[in-house]
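Colleague: Encoded as C-alpha cells, here's the structure I'll be asking about.
The values are calculated or read from the model by the stated rules, or taken from the named source; none is laboratory data. All values derive from a computational prediction rather than experimental measurement. Note: ideal-geometry Cβ built from the backbone for every residue, glycine included; neighbour counts use all protein chains shown. Ligands, DNA and RNA are stripped out before the accessible areas are found, and what is left, the full protein with its side chains, is counted by its heavy atoms. Shrake-Rupley method; radii C 1.70, N 1.55, O 1.52, S 1.80 Å.
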Amino acid sequence: MSASLATRRAVAAFLAAGALVGAAALPAAADDHRRDHRAPSSIVISAVQYASPVRGERADRALNREWVEVKNTGRKGVNLRGFTLTDRQGNRYRFADFRLDGRSSVKVHTGQGRDTRRDVYQDRRHQIWDERDTATLRDNRGNVLDTDSWDGRRHHRNG
C-alpha cells in the first residue's frame with residue numbers, strides 16, 4: 001500500500017509541475033498572440049512638406065502645399081480607419097475609412113479638397129505644420145507607429 005501511495009504522490013507531483021509549466025507558458029503565448037495583431041509597422045511617415053507663405057498666393061492653395069505623406073511599405077493593403085496624425089501643438093487628423101494599398105502612399109494635406117486614393121484633406125483653414133514641428137502617426141489603438149521632427153533645416157527620424 002505504501003508503494004501505491006508513493007506512486008500516486010509522484011504522479012500528482014508530476015501533474016502539478018506540468019500544470020505550473022503550462023500556466024507559466026500561457027502569458028508568453030498570449031503576449032505573442034497580441035503582438036501578431038498589433039497595427040502593422042509597415043505604415044510610416046515617409047515625407048513632410050511644411051508650407052511657408054508665398055506672396056499673393058490664395059490661402060487654400062498655400063494650405064494644400066503643406067502635407068505629410070503616409071506610406072505603406074508592406075505588400076498588403078491596410079485600412080487606416082482611426083489612425084491619427086498629430087503635430088506638436090495637439091492638432092489631430094483622424095483617418096476615416098481609408099484603405100492604403102501595399103507599397104503606396106497618401107498625402108494628408110492641411111487645406112480643403114476632394115479626397116482621392118493619393119491625397120486626403122484635413123479641411124482646415126490655418127497652417128498646422130510649423131517650421132519647427134513633429135508629426136506623430138498612431139494606429140487606431142493609440143500606439144505610436146512613427147514620428148518625424150524637423151527644425152527648419154533638418155529632419156530627425158524618430159520612428
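Colleague: Give me the extension gain from Thr84 to Arg99: residue separation times 0.36 nm, minus the current Cα-Cα distance, reported in nm with one decimal.
Modeller: That works out to 4.0 nm of additional length.
Colleague: Another question, then. Please report, in debye to the nearest 20, how large the charge dipole of the stretch 52-153 is about its Cα centre when each Lys and Arg carries +1 at its beta carbon and each Asp and Glu carries -1 there.
Modeller: Its charge dipole is roughly 360 debye.
Colleague: Under the rule of at least 5 residues apart or a separate chain, name every residue whose amide H is placed under 5 Å from the amide H of Leu145.
Modeller: Sorted by chain and number, the residues that satisfy this are Leu137, Arg138, Asp139.
Colleague: Calculate the length of the line joining the C-alpha centroid of the stretch 132-154 to that of the stretch 78-104, in whole Å.
Modeller: Taking the Cα centre of the stretch 78-104 as reference, the centre of the stretch 132-154 is 12 Å away.
Colleague: Taking only the alpha carbons of the stretch 95-156, what extent do you get along each of the three principal axes, in Å, biggest first?
Modeller: Largest to smallest, the principal-axis extents are 32, 28, 22 Å.
Colleague: Would you mind giving the three semi-axes, in whole Å and largest first, of the ellipsoid equivalent to the stretch 47-154 according to its Cα gyration tensor?
Modeller: The equivalent ellipsoid of the stretch 47-154 has semi-axes of 23, 16, 12 Å.
Colleague: A further question follows. Could you tell me the relative contact order of the stretch 82-157? Use alpha-carbon pairs under 8 Å, at least six residues apart, and round to a whole percent.
Modeller: Relative contact order for the stretch 82-157 comes out at 28 percent.
Colleague: Which residues does a label at Arg124 reach in the stretch 72-95, if reach means a backbone N under 18 Å from a point 7 Å past the Cα toward the Cβ?
Modeller: 82-95
Colleague: If you roll a 1.4 angstrom probe over the protein chains with everything in place, what fraction of the accessible area of the stretch 58-159 belongs to carbon and sulfur, to the nearest %?
Modeller: Carbon and sulfur together cover 39 percent of it.
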